[in-house]
Amino acid sequence: MKRNSTFSIRIFQFSIFILFLSNNIFAADAPKPILPGGNDKWKLKWNDEFDYSNAALDNAWYSANGAQTWILCSRWRENAVVSNGTLKLMNKKEVRGGQNWTSGSIWTKQQFQYGYYECRYRYAAATGTNNSFWLMSQSAPTVGKKFELDINEGHYPSDMATNIHNWTDVTTNPTTGAQTHPSSSKSFKFSTTPDVSIPLETPIITRKIRLTSNYATHFHLQEFRIYNVNAAGFPSAISATADNDVTGLTNYARDPLTKVTSSGVYGAGYELAKVADGSLTTHWVSQTAGAKWIEFEFSADKTIGCIQFVSGWLSGTTYNNILDDYKVQYLNGTEWVDIQSLDPSVAGVNFGRDFHYFGLKWSADSLAFYCDGKQMRSVKNDFCFSPAPVYLSEAIISWAGTVTDAIDGTQMEVDYVRIYDPTTPSATPTEQLLNGGFEVTTAGSINWEMTRDLLNYTSYSWLKTDPGDKLVSLRVKSESSSNPFAAILGQKVALDKGEYLLRFKARSSAVLPADNKFVFKFSNMYTDKTMFMNDSTPRVVIPTPEWKSYSYKLNLKEDYSGKITFGFGNLGTFDLDSISLVRLGDAVVSAVHAPATNKVEVYGANGKLVIKSETSQHIEVYNLDGSMLVSTQVPEGESYITLKRSGILLVRLRNKDGVATKKVLISFDKKI
């Protein structure tokens, strides 16, 4: 089960999506979803099923124990209880740690990086509770930034919030001392209610607020409120006296200088002025046909802390025609940005009654958030590149709804936490060769080593393939030599065993086919054996006078570290272009490859492996029998790994994009 987190919006960018997925998906306990891409794509790396005694929780988890001044409760180990196969993070109304409530929060002793993270849990069944499943790096990393990933920060009964926080670039207001940090939040609501309240943990500054809707017919807005930032909090949206319920409130919607416009009015008695007159008994009602909207324009920029509205009309104690299709937006100066939206395709869900599944697929490239197997949000991973523990946290906070005595005795209940690794390595850039199209021709940057038998009789030059563009091909002119292969072109590669596809374009000016030939081969630098073909036989190519594309499927039987070489005949002129080597099963990437240095130095010293790199790297260390000793990430700069081994070791490194940068044998002398 997963911990549910509060609907807390920390924005630099933010959108709240209220999605109503169909009843059959979210009715009662959600069924176990298929893992992203299929269960066969993942293998279990770590899990906790909470099927042990309460005391055993401390074997794998740390617990909060003390006051938590940024929330309304202190948190203690006694409030984290394992029983009957689940973890309960319990809320109690008791004075402890200088606060009037207590709750629980735990985090793993082990840290994790990348993979799929899944938790099955249900919320504490009371408003004002924050039910969270999240990760947070523990120190300033050498790669990326210190981060917080809220997989779900959920609020009872039906809110899910996903947040990405950058805790490295914190700024402090020199006047107030208030601190802010870059954050990106998207929230989702899974139920329809007449009263909607959108508290903004990070306020927005704007001149305009609007609500738009594609509701099928006319709809009622009883009241629309736009409040200032208020330390004392905000009222219940359904209150008839909301503007007077909390001290310090300013309702900008009722400011005489605020201009209110709309798409239309249903008829007499439902005029626009009634949408912000302080009364729930008078309504603005939209026109029946077409797109509907209402817009509030302020006389100057306003800092907004909360937006509320009440929709529908009341018959006795029943609300009718509750608005189930809308977007609330603000103008950021040039474009409208969603604050919260509601999709009419989803019906009621109660995350406090039923167990649901919340997940995160985390890779070096992206972050994807899930609810019950459905992807809710996917973004590029810009800075979350370091290991972090997993947190399960319950809290009592003011922006999660009204805090009442109903919280006492509630609990966030967690069934399990599971972390998966992909069964196959993450997709990496498939092109194994640099500058295969000879796009870069400056000296020292071509990535190819060129050797000649007789310098006076063999020359390299660049041939423009099209006068209208800047692309070139390599031209090899071999005029006279006793060596049948007068010129050799080579590039070092480090490859894992498997099947590859070698492709290139070539042509030759020689008249006789026998004179046209050139060869390619892969030769291991240690054994001189061609591991692709299990022998050292070169493959002969006889190009025609016209450009022609060639492709060869190659089977690499062993891991390979050596050169791909092309040997050119001693007569004629050869043109070569578009050399590509890709691993089969990966998508073929067709793109210009600029030269990449990825310089890495690795050696043994004083019982430690020393790695000096211009970029972060993944390092693997093997015995010569193939058994792995180390598999870990090392940051940019200088790193050390202590090895209680001696002898010859194989070291392989790849950069953070998965591109092989070095594979070497090291004679390692243990000095521990």
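The values are calculated or read from the model by the stated rules, or taken from the named source; none is laboratory data. In this text the structure is predicted, and so the values were computed from the model without any measurement. Using ideal geometry, Cβ is built from the backbone for each residue, glycine included, and neighbour counts are taken over all protein chains shown. Ligands, DNA and RNA are excluded from the accessible area calculation, which covers all protein heavy atoms including side chains. Shrake-Rupley method; radii C 1.70, N 1.55, O 1.52, S 1.80 Å.
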query = Within the set of pairs 6 or more residues apart or between chains, which connect a residue that is within 20 Å of residue 82 (Cβ to Cβ) inside the stretch 112-128 to a residue that is of a type in the set (A, V, I, L, M, F, W, C) and open to solvent by 10 Å² or more (accessible area, probe 1.4 Å) with Cβ atoms less than 7 Å apart?
reply = 120/355; 121/355; 122/355
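Can you tell me which residue is farthest from residue 127 (Cα to Cα) among those in the stretch 237-260 that are touching a helix residue (DSSP H, G or I) at 6+ places or on another chain (Cβ under 8 Å) and part of a helix (DSSP H, G or I)?
The selected residue is 254.
Tell me which residues, restricted to the stretch 245-260, are free of Cβ contacts under 8 Å to residues at least 24 places away in the same chain, over 26 Å from residue 192 (Cα atoms) and open to solvent by 70 Å² or more (accessible area, probe 1.4 Å).
Kept after step one, since they are free of Cβ contacts under 8 Å to residues at least 24 places away in the same chain, are these residues of the stretch 245-260: 245-250, 256.
If we keep only those that are over 26 Å from residue 192 (Cα atoms) too, we end up with 247-250, 256.
Residues satisfying the conditions are 247, 256.
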request  = Under 7 Å between Cβ atoms, at least 6 apart or on separate chains: pull out the pairs that start in the stretch 224-243 with a residue that is more than 17 Å from residue 283 (Cα to Cα) and end on any residue that is hydroxyl-bearing (Ser, Thr, Tyr) and open to solvent by less than 10 Å² (accessible area, probe 1.4 Å).
outcome  = 234/227
task = Could you figure out which of (1) at pLDDT 95 or above; (2) of a type in the set (Lys, Arg); (3) in contact with a Leu (Cβ under 8 Å, 6 or more places away or on another chain) isn't true of residue 77?
result = (3)
key: Residues satisfying the stated conditions in the stretch 368-388, i.e. over 25 Å from residue 156 (Cα atoms) and not charged (D, E, K, R)   = 379, 381, 383, 384, 385, 386, 387, 388
remark   = Only one of (1) touching a Phe, Trp or Tyr at 6+ places or on another chain (Cβ under 7 Å); (2) open to solvent by 60 Å² or more (accessible area, probe 1.4 Å); (3) in a strand (DSSP E or B) does not apply to residue 221, and that is (2)
request  = Output yes when any residue across the stretch 88-102 is in contact with a Gly (Cβ under 8 Å, 6 or more places away or on another chain), assigned to a loop (DSSP other than H, G, I, E, B) and either over 19 Å from residue 71 (Cα atoms) or among the β-branched types (Val, Ile, Thr) (or both), and no when none is.
outcome  = no
remark   = Within the stretch 340-389, the residues that are touching a Leu at 6+ places or on another chain (Cβ under 9 Å), polar (S, T, N, Q) and under 14 Å from residue 187 (Cβ atoms) are 341
ask   = How many of the residues in the stretch 178-209 are more than 22 Å from the chain's Cα centre (by Cα), at pLDDT 85 or above and open to solvent by less than 40 Å² (accessible area, probe 1.4 Å)?
value = 7
request  = Test residue 90 against the criterion of being over 29 Å from residue 384 (Cα atoms) and of a type in the set (A, V, I, L, M), and give yes or no.
outcome  = yes
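Might you check whether a residue that is under 29 Å from residue 408 (Cα atoms) and either within 18 Å of the chain's Cα centre (by Cα) or at pLDDT 95 or above (or both) occurs anywhere in the stretch 139-149?
Filtering the stretch 139-149 for residues under 29 Å from residue 408 (Cα atoms) gives 148-149.
When the remaining residues are screened for being either within 18 Å of the chain's Cα centre (by Cα) or at pLDDT 95 or above (or both), the result is 148-149.
Within the stretch 139-149, one or more residues are under 29 Å from residue 408 (Cα atoms) and either within 18 Å of the chain's Cα centre (by Cα) or at pLDDT 95 or above (or both).
Condition check ((1) surrounded by fewer than 24 Cβ atoms within 10 Å (Cβ to Cβ); (2) assigned to a strand (DSSP E or B); (3) among the β-branched types (Val, Ile, Thr)) across all residues:
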site	(1), (2), (3)
116	yes, yes, no
121	no, yes, no
125	yes, no, no
130	no, yes, no
134	no, yes, no
138	yes, no, no
152	no, yes, no
161	no, yes, no
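Restricting attention to the stretch 386-416, which residues are at pLDDT below 90, open to solvent by 20 Å² or more (accessible area, probe 1.4 Å) and in contact with a Ser or Thr (Cβ under 7 Å, 6 or more places away or on another chain)? Talk me through it step by step, then tell me what you get.
Here is the first cut: in the stretch 386-416, the ones at pLDDT below 90 are 386, 398-402.
Now narrow it down to the ones that are open to solvent by 20 Å² or more (accessible area, probe 1.4 Å): 398-399, 401-402.
399, 401, 402 - these are the residues of the stretch 386-416 that are at pLDDT below 90, open to solvent by 20 Å² or more (accessible area, probe 1.4 Å) and in contact with a Ser or Thr (Cβ under 7 Å, 6 or more places away or on another chain).
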ask   = When residues of the stretch 347-365 are filtered for being in a strand (DSSP E or B) and either closer than 30 Å to residue 226 by Cβ or of a type outside the set (Phe, Trp, Tyr) (or both), how many remain?
value = 4
Check on residue 80, touching a strand residue (DSSP E or B) at 6+ places or on another chain (Cβ under 8 Å), touching a residue at least 40 places away in the same chain (Cβ under 8 Å), buried (at least 16 other Cβ atoms within 10 Å of the Cβ) and hydrophobic (A, V, I, L, M, F, W, C) = no
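I'd like to check something: does the stretch 609-617 contain any residue that is under 25 Å from residue 421 (Cα atoms), open to solvent by less than 70 Å² (accessible area, probe 1.4 Å) and free of Cβ contacts under 8 Å to residues at least 60 places away in the same chain? Explain how you work it out, then say what you get.
Within the stretch 609-617, the subset under 25 Å from residue 421 (Cα atoms) is 615-617.
Narrowing the set further to residues that are open to solvent by less than 70 Å² (accessible area, probe 1.4 Å) leaves 615-617.
Checking which are free of Cβ contacts under 8 Å to residues at least 60 places away in the same chain leaves us with 615, 617.
Yes, the conditions are met somewhere in the stretch 609-617.
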task = Residue by residue through the stretch 366-381, note down the ones that are open to solvent by 20 Å² or more (accessible area, probe 1.4 Å), touching a residue at least 24 places away in the same chain (Cβ under 8 Å) and either over 16 Å from residue 160 (Cβ atoms) or in a strand (DSSP E or B) (or both).
result = 374, 375, 376, 379
query = Is it true that residue 4 is surrounded by 13 or more Cβ atoms within 10 Å (Cβ to Cβ), out of contact with any Asp or Glu (no Cβ under 6 Å at 6 or more places or on another chain) and at pLDDT 95 or above?
reply = no
key: Selected residue (criterion: surrounded by the fewest Cβ atoms within 10 Å (Cβ to Cβ)) from residues of the stretch 30-54 that are among the hydrophobic types (A, V, I, L, M, F, W, C) and closer than 19 Å to residue 413 by Cα   = 30
